[in-house]
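See structure below.
The values are calculated or read from the model by the stated rules, or taken from the named source; none is laboratory data. Please read these numbers as outputs of a predicted model, since none were measured by experiment. Cβ coordinates were reconstructed from backbone atoms using ideal geometry, including for glycine residues, and neighbour counts include every protein chain displayed. Note: areas computed on protein heavy atoms with side chains; ligands, DNA, RNA excluded. Shrake-Rupley method; radii C 1.70, N 1.55, O 1.52, S 1.80 Å.
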Amino acid sequence: MRLELKKFFVSTAIDYPSGLPHAGHLYEKICADVIARWHRLKGEKVHFSTGLDCHGQKIAENAKRAGLDPPKFVASMEPHYRQLCTNYNISFNDFIKTTEERHRKVVYQIFKKINEKGDIYKGEYQGLYCVDCETYYTPHEIEKGNNCPVHHKPLQTLKEESYFFRMSKYQTKLIESLKKTDLLWPVERRNEILARLEQPLRDLSVSRRSLKWGIPFPLDKKHVFFVWMDALVNYLTTIDYPNQKFKEFWPSDAHVIGRDIVWHHTVIWWSLLLSAEIELPRVISHGFINTDVGDKMSKSAGEVIDPKKLAEQFGADSLRYFLLREIPFGQDGVFSLTTLQSRVNNELANELGNLLNRTIALTEKKLGGKVSKQKTSSDLEKQLELDKISQLMDDFSFHLALREIFGFVSACNKYVNDQKPWEQSEQKATIILYNLVDALRVIAILLEPFIPNTSEKINAQIGVKKGLLKEAKLGLLEKTTVKKGPILFSKIDEKELAKEK
Ligand SMILES: [Zn+2]
């Protein structure tokens, strides 16, 4: 029997590059990256995709405003989104753009299946439309004064000839899927969608006649595909539907998306897949990062935080740590520089940085930098709750997993204080310092999904290679030579912070 590696497919939503990337884009990529890195750490075969959603009315409008044609406009935006991934160590396997030929092919294949099912018909559409959402809203969804419920701006009345997808046909199946499976996380989102599905589901307009910038509609040359119909299919394109990679990786284990597009990823996407007879993927929704003004940080709402500047000023790992530790994944959270400062100074610099520094300094001083296998400290072993950390990670409770890991870091610092290796004989110091270096090895493994740069720096200083999760237990270190390197984190002082305010 051949042992198959377990697979894991995680994706972000593809970003809509109508403007420069901001912290909302960053947050989603970091969350998906932690999931991808965690599953690689477990030894699984991972596919992690991100990319750009290039079509649609708003891109066309912004391109026009910039004096560019849409392809040139998108091309001018792409480097910024790629740079964001580079700056923050986003370990994607595929960066997909919906303008690629491979994508157009898959859109046509999926559409063909849906059309052959008898689920496409021609009609006329009239409704209240938000350009920013690229969505029609029903009267009970809109805000007072005919406003968009997301953007709080007046909706336009649009009337056009359009092709429709019989989404209403799948209402019962959608409700069943939501009730009987755990394909939508967290449960609050499931309840919201189920509540909306108590109203009769309308068919979906899947083509636009008024728009030129999109994938040409195969049944009618005067139309292009509705942008969502095209964008959602990217999750199949990235794993080469319908070929080998698709068979290996589908259904997706985690479409990581913002809570504003859960409807699109469950009701619309799932009903398209039901029609095409493709298995349903799991959808994982994160919250919004709020700022003082209380608006979500999205592509359309007001933008205040520039992730590029933050990476330069505070370092990618500080930001990654702060966002993952501070905001419970799945819920909304608040971005504040004061909290960032306190977490970096207390947890990263004081606790983690200090543990590494004093362990290396003492090992160099007392043992010439060399440690070899000794008896494992049962005190330390008791403080390392690996099963709990694994469970929290699999449950997407990243902030609690980090709390556990840093609980262990604190336990190690307490161990140094209690054992006082600087006062001990060489024999005793040998045991204590072996345990500390070994503990740092385990800490570097557990922190890799969260702060990969830092994990690498710790490994370099304690002279070990990058480890896997199965090696994250005490007592596996045979021998090593440590070498002092640069400090892991500088404290953020008030002056530094003032520059940002
Ligand atoms: Zn809107």
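On a C-alpha basis, how far is the centre of the stretch 379-397 from the centre of the stretch 404-451 in Å? Whole number, if you could? Cα centres, the stretch 379-397 to the stretch 404-451: 17 Å. A protection proxy built from the mean count of other Cβ atoms within 10 Å ranks the segments 6-19, 354-367, most packed first, as 6-19, 354-367.
The angle separating the long axis of helix 70-87 from the principal Cα axis of greatest extent in the chain is about 20 degrees. Checking the a/c ratio against 1.5 first, then a/b against b/c, what shape does the Cα gyration tensor give for the stretch 345-501? Taking the square roots of the gyration eigenvalues as a ≥ b ≥ c, the stretch 345-501 is oblate. Relative contact order of the stretch 341-481, taken over Cα pairs closer than 8 Å and 6 or more residues apart, is 32 percent.
Compared with the direct C-alpha span, the chain from Asp240 to Asp220 gains 4.6 nm at full extension, assuming 0.36 nm per residue. Pairs of Cα atoms nearer than 8 Å and 6+ residues apart set the relative contact order; for the stretch 210-274 it is 19 percent. Label positions at Glu124 and Val187, each projected 7 Å from the Cα along the C-beta direction, are separated by 4.8 nm. Let a ≥ b ≥ c be the square roots of the eigenvalues of the Cα gyration tensor of the stretch 332-438; is it rounded (a/c under 1.5), or, if not, prolate (a/b larger than b/c) or oblate? Oblate shape, in that a/c is at least 1.5 and b/c is the bigger or equal ratio.
Here r is the Cβ-Cβ distance between Arg403 and Glu248 and R0 is 35 Å; the resulting FRET efficiency, rounded to 0.05, is 0.50. On average, how much accessible surface per residue is there in the chain, in Å², for a 1.4 Å probe, leaving out ligands, DNA and RNA? The answer is 44 Å² per residue. Maximal additional length on extending the Asp394-Lys491 stretch stands at 31.7 nm, based on 0.36 nm per residue less the C-alpha distance. Each residue, Lys483 and Gln199, gets one label point 7 Å from its Cα in the Cβ direction; the gap between the two is 6.5 nm. Between Ala361 and Ser76, the FRET efficiency estimated from the beta carbon spacing at R0 = 60 angstrom works out to 0.75.
Using only Cα atoms, figure out Rg for the chain and give it as a multiple of 2.2 N^0.38 Å. Mind dumping the intermediate values first?
Numbers: Rg = 25.6 Å, N = 501, 2.2 N^0.38 = 23.4 Å.
Compared with the compact-globule rule of thumb, the chain sits at 1.09.
What angle do you read, to the nearest 10 degrees and between 0 and 90, between the alpha-carbon axis of helix 426-447 and the longest principal axis of the chain? In the chain, helix 426-447 runs at an angle near 0 degrees to the longest axis.
With only the Cα atoms considered, the stretch 131-172 has a convex hull volume of 99 Å³ per residue.
If I take every Cα pair under 8 Å that is 6 or more residues apart in the stretch 33-189, average their sequence separation and divide by the length, what percent do I get for the relative contact order?
Computed over the stretch 33-189, the figure is 19 percent.
What do you get for the angle between helix 354-367 and the principal long axis of the chain? Use alpha-carbon atoms, 0 to 90 degrees, nearest ten. The two axes meet at around 30 degrees.
Here Gln331 and Glu101 are evaluated by their C-beta separation; at R0 = 41 Å the FRET efficiency comes out at 0.55. Computed extension gain for Lys308 through Lys173, at 0.36 nm per residue and net of the alpha carbon distance, reaches 44.2 nm. Per-peptide packing, taken as the mean over residues of other Cβ atoms within 10 Å, places 23-34, 334-345 in the sequence 23-34, 334-345 from highest down.
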